[in-house]
Structure formats: structure tokens, C-alpha cells
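Working notes for the structure below.
The values are calculated or read from the model by the stated rules, or taken from the named source; none is laboratory data. Given the structure is predicted, the values throughout are model-derived calculations rather than measurements. A quick note on method: Cβ atoms are made from the backbone with ideal geometry, for glycine too, and the neighbour counts reach across all protein chains shown.
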Amino acid sequence: MEGIADYEFVRSLGAGEHGEFYLAKRPGRLPVEVDLVAVKVMGDTGDDAFRRATGELRAFAAVRSPYLVRLYDAGRQGGIFYYSMEYLPEGSLAHPAEPPSRERVLRSVACVARAAQALHEEGIVHGDIRPGNVLLTELGGKLSDLGLSRVLTPGVTVTGMGDVGSVEFADPAMLQGERPTPAGDVWSLGATLHRTVTGAGLYGELPARDPLLTLRKVYGTPPSVDADLEPELSGLVHACLGDEAERPTAGGVADRLYELLD
């Protein structure tokens, strides 16, 4: 794909949930002082799904937080839905430009926890917090890629979620069909923190090429926190994964991480 609408693609930035990211030249009509933007192309959509998705993106863009990726534009061409956002060249916790230090990992997760709290205070659930959506910045991190799969493909089964690797970071209640909640985002923060600090998943290694086997393992295996994780972080991860009514808020997760960084 060479581009979409008036975006000229420079190169692929890799696949995301239900779509592909591209680095693109900023169209002259966008009133931002940058040369390059990131564009996510998400495939065919109907009129109703397009209206719901653009509505959620507008709500996301209206939330004021320095830890949310800036959204610029959204549209549809030939039935294909796309949206553009700021480009952060340092990569994500899943694919960093350079391996981040432990302190940088903790700071970036704390930043996106602050971002999630800002969303929650406006009645928005992100629904797709995972290392690939924690983009690294000089000051920490920003939360990217609002989970729109539930909007674009309502009623989709779990096996149709796309990148099955994201299952590791999803609240089990959401996998079983419950609506996304702020507490579910907190579960995802705990799973993201565990993966990025320990290098291991809560369910061990998953057979990522086989969605059914992956789901079977997730359903049949309780999440397990690495025994070597230091007590303070282990306690925080356990709190994020615990009973929904007793989980901390996303802001509480950020506070505890900043305490560890002091």
C-alpha cells in the first residue's frame, strides 16, 4: 500500500490489533508542526461502525493528558477506515528502538496508568493496554491505539480478536464476553508491567500461532506472577490481577510506581 487518502506512506511500522501502522508524510491540511505522522489502517467498515469508531476517537482526543498519544485525523476511503496520530520514533515497550532500562520501563507504565486514569475519569475505557501500545518518550511513555475492535466488529468472537498475543494482556472477564471496564484496564496494566519487567507472561509461553490452543491455555491456566519479582512490584501486580472490586485505580497504580522510582 502506497498511501491512503492524502497520506503518502514512507514505510510500514508493523501490524497492530486489527490493522497495520504506517509512517506517513503529514498532509498539508493538518494544522500540526510535524513532518511525519503514524497512520493506522483498519480495513473495511460499514457506515454505522465508522460513525461509532470516529465518535470514540473524538472522545479519546478530547481527553487532556500529556500521556495520551495525540490523534490528528480519521477517515474512510473505499470503505477502509484509518486514523492518524503523532509519530514517536523511540518505539514501544514491545518493540523499542533501544532496550529500555528497568527505571524507564517502570516510568513508562506509570505514565500510561496516568493516561488510563484520565480516560476513566471521562467515562472512556481503553480496552487494549499492552506493551505494544506503550510508546516510549524522553519523559516516559504515552498510551496509544484505543481498542476499537469491539466497535468496528461488534459481536466478534475471541478467536477473531486478531493478534492473539494480546490475549495475554486482556482481563479474563473481557475474554469471556464481559464489557470492557476500568478495572479491566487495570488488569491489563498489571499484565503489561509483569511482562515488561520480568520478560515472562502470566501464562508462560503461549502457542501464538494457534489461537485455539492459546485460548485453551489461558482459560485453563491461572495467571502466575514470577516468584523472583521483587516484593513491591509483585504486590502491585497481584493487586491489579485480584478481585475486581478490590483492584486499585489506574491512578493508584501510577502512584505506587512513582513511589518505587523515588
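Values computed for the structure shown
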| item | result |
| --- | --- |
| Residue satisfying all of: in region 191-227; among the small types (Gly, Ala, Ser) and in a helix (DSSP H, G or I); modelled with the highest pLDDT among these | Ala191 |
| Residue check, Ala245 assigned to a helix (DSSP H, G or I), among the hydrophobic types (A, V, I, L, M, F, W, C) and either surrounded by fewer than 17 Cβ atoms within 10 Å (Cβ to Cβ) or not assigned by TED's automatic domain parsing to the domain that holds Cys111 (or both) | yes |
| Single condition Ala245 does not satisfy, out of (1) over 21 Å from the mean Cα position of the chain (by Cα); (2) over 20 Å from Ala113 (Cα atoms); (3) hydrophobic (A, V, I, L, M, F, W, C) | (2) |
| Which listed residue, of Arg64, Arg52, is more than 15 Å from the chain's Cα centre (by Cα), of a type outside the set (A, V, I, L, M), closer than 29 Å to Cys240 by Cα and not assigned by TED's automatic domain parsing to the domain that holds Gly190 | Arg64 |
| Subset of region 37-76 [charged (D, E, K, R), touching a strand residue (DSSP E or B) at 6+ places or on another chain (Cβ under 7 Å) and within 24 Å of Val112 (Cα to Cα)] | Lys40, Arg70, Asp73 |
| Only one of Gly43, Gly127, Gly19 that is surrounded by fewer than 19 Cβ atoms within 10 Å (Cβ to Cβ) and modelled with pLDDT under 95 | Gly43 |
| Unmet requirement for Arg11, which otherwise passes all of (1) in contact (Cβ under 8 Å) with a residue 12 or more places away in the chain; (2) more than 17 Å from Ala74 (Cβ to Cβ); (3) loosely packed, with under 13 Cβ neighbours inside 10 Å; (4) more than 23 Å from the chain's Cα centre (by Cα) | (4) |
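So that you can scan it fast, the table gives a plain yes or no per residue for (1) more than 25 Å from Tyr219 (Cα to Cα); (2) modelled with pLDDT under 95; (3) assigned by TED's automatic domain parsing to the domain that holds Gly252; (4) touching a Phe, Trp or Tyr at 6+ places or on another chain (Cβ under 6 Å):
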site	(1), (2), (3), (4)
Arg107	yes, no, yes, no
Ala113	yes, no, yes, no
Val134	yes, no, yes, no
Arg150	no, yes, yes, no
Gly160	no, yes, yes, no
Ser166	no, yes, yes, no
Leu189	no, no, yes, no
